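Below is one structure, written out as structure tokens, with a few remarks after it.
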Amino acid sequence: MNRYFILIAVIFLGCHPGKKFISTKPPQNVILMIGDGMGLTQITAGLYRNGNKLHLERCKSIGLHKNYPEEKSGDLITDSAAGATAFSTGVKTYNAAIGMGPDTLPRTTILELANFSDMATGLIATSTITHATPASFIAHVSTRDKYEEIATWFLKNKFDLIIGGGAKHFSKRKSDTLDLMNRLKSKGVTVESYFDKELENIDFGTPNRLAYFTALDQPLPFSQGRNYLPMATEKGIEFLSSKKNPGFFLLVEGSQIDWGGHSNESEYIISEMIDFDNAVGKALDFAEKDKNTLVIITADHETGGYAIQKGSTMDSIKGKFTSDYHTGTMIPVFAFGPGSEDFQGIYENTDIFHKMLALLRKNKWFKSQK
Ligand code: MG
Ligand code: ZN
């Protein structure tokens, strides 16, 4: 009798309409994807050109962030350094700051916190890996143009994977004669480059840590033959998730959507946007199967004051621009996976850091103090 009573009680409690049985399982892995300069018009233009569909539409949790930099700067317009530092450290700072607060003192980044909790970490970009967006996650440098100083942070800080351009900042340095590629190798990093091997021929199964350089300086635009971002995202996720770490943190940047905005070229924006969205598709495919991965897709700011004009069709977008620089409009945030509901609403760009951290802290293995 007792056994039946317990069984009935369990069924009753389990079905009780007043109880919410929502999974509170936190994400083990976080993939943050930044389309640099990707405002709503950039997304819309890419969507129509891509046959009225984007992988981004698979995300059901959508929000907006306010991206102005430190208020004392007296300007509502952020650059990519302050924008990425807001995401990486949760602090609004001055334009050009790389992982530094407004007082020019370093702030701990989400990548450093992930390293401290033994998570695997990675950075993938279609610019140099020393460029403002990826740099703000791994380096602490007063101004973004100190690329060679930024490169030294890839030795001071741990990472498991980097894929991007900028080999010259590591091995053809002007400020000193250091060969940072050799130094990475002596630290156990497998270093490969486009010069010797295409990305599809890189063995991701063997290395413990991997740095793959896609260009000596800036990688080409997609329209001129660069095509590694979706593959790098897919292989990079496979690589990081195969490690025996409690989880992983990966940053993926579609760097050149911004450059299409700066040069006021619709076609440049659209091809970069679709390439970035294909990388988003790879991350969402993994998250769908894995069920322990949070994917967040956003931008640092809009670039170009871009607007779609009358007379446009799905195949032929007529874009006009109000600026050759960044603009101050709010930026959409798309999220998928456990914790994605937290990214609904309107909030500061710095809250993206705080929301990621709050979710990761729900894991017993996450060390919240550094
Ligand atoms: Mg960037
Ligand atoms: Zn820009």
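The values are calculated or read from the model by the stated rules, or taken from the named source; none is laboratory data. Everything numeric here is computed off the predicted structure, so don't read it as measured data. Here the Cβ is made from the backbone with ideal geometry for all residues, glycine too, and neighbour counts use every protein chain on show.
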Just give me the residues in the stretch 324-350 being assigned to a loop (DSSP other than H, G, I, E, B) and either more than 16 Å from ligand 2 (Cβ to nearest atom) or among the charged types (D, E, K, R) (or both), in sequence order.
-> ASP324, MET330, GLY337, PRO338, GLY339, GLN344
So which residues in the stretch 79-94 are out of contact with any Gly (no Cβ under 7 Å at 6 or more places or on another chain) and either farther than 19 Å from ASP258 by Cα or buried (at least 24 other Cβ atoms within 10 Å of the Cβ) (or both), if there are any at all?
-> SER80, ALA81, ALA82, GLY83, ALA84, ALA86, PHE87, GLY90, LYS92, TYR94
What tally of residues in the stretch 192-228 results from selecting those that are β-branched (Val, Ile, Thr) and closer than 14 Å to THR126 by Cα?
-> 1
Is there a residue being of a type in the set (D, E, K, R), surrounded by 23 or more Cβ atoms within 10 Å (Cβ to Cβ), touching a residue at least 60 places away in the same chain (Cβ under 8 Å) and closer than 21 Å to TYR147 by Cα anywhere in the stretch 211-218?
-> no
Long-range neighbours under 6 Å by Cβ, at least six apart or interchain, first residue among the aromatic types (Phe, Trp, Tyr) within the stretch 267-296, second part of a helix (DSSP H, G or I) and modelled with pLDDT of 95 or more | TYR268/GLY260; PHE286/ILE237
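Here is a list: ASP103, ASP160, ASP145, ASP118. Which entry is crowded, with 23+ Cβ neighbours inside 10 Å and among the acidic types (Asp, Glu)?
On the way: ASP103 fails: crowded, with 23+ Cβ neighbours inside 10 Å; ASP145 fails: crowded, with 23+ Cβ neighbours inside 10 Å; ASP118 fails: crowded, with 23+ Cβ neighbours inside 10 Å.
Only one candidate qualifies: ASP160.
Any idea which of ASP324, ASP315, ASP285 is charged (D, E, K, R) and under 21 Å from THR133 (Cβ atoms)?
Checking each option against the conditions leaves just ASP324.
Results for (1) crowded, with 24+ Cβ neighbours inside 10 Å; (2) within 29 Å of THR327 (Cβ to Cβ); (3) at pLDDT 95 or above; (4) within 13 Å of ligand 1 (Cβ to nearest atom), shown as yes or no for each residue.
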{"residue": "PRO221", "(1), (2), (3), (4)": "no, yes, yes, no"}
{"residue": "ILE237", "(1), (2), (3), (4)": "yes, no, yes, no"}
{"residue": "LYS243", "(1), (2), (3), (4)": "no, no, no, no"}
{"residue": "LEU250", "(1), (2), (3), (4)": "yes, yes, yes, no"}
{"residue": "SER255", "(1), (2), (3), (4)": "yes, yes, yes, yes"}
{"residue": "GLY260", "(1), (2), (3), (4)": "yes, yes, yes, yes"}
The stretch 58-88: number of residues that are at pLDDT 95 or above, away from ligand 1 (no atom under 16 Å from the Cβ) and polar (S, T, N, Q) = 1
If you go through the stretch 297-310 one residue at a time, how many are within 16 Å of ligand 1 (Cβ to nearest atom) and part of a strand (DSSP E or B)?
-> 4
Can you work out which of the residues in the stretch 132-160 that are touching a Phe, Trp or Tyr at 6+ places or on another chain (Cβ under 8 Å) and within 22 Å of LEU216 (Cβ to Cβ) is farthest from ligand 2 (Cβ to nearest atom)?
-> PHE154
Inspect the stretch 73-93 for any residue being under 17 Å from MET330 (Cβ atoms), out of contact with any Cys (no Cβ under 9 Å at 6 or more places or on another chain) and without any contact (Cβ under 8 Å) to a residue 60 or more places away in the chain and give the result as yes or no.
-> yes
Kindly indicate the residue of the stretch 113-137 that is more than 13 Å from ligand 1 (Cβ to nearest atom) and in contact with an Asp or Glu (Cβ under 8 Å, 6 or more places away or on another chain) and also farthest from GLY37 (Cα to Cα) among those meeting that condition.
-> ALA120
Complete set of residues in the stretch 72-93 that are within 16 Å of ligand 2 (Cβ to nearest atom) and in a loop (DSSP other than H, G, I, E, B) | ASP75, LEU76, ILE77, THR78, ASP79
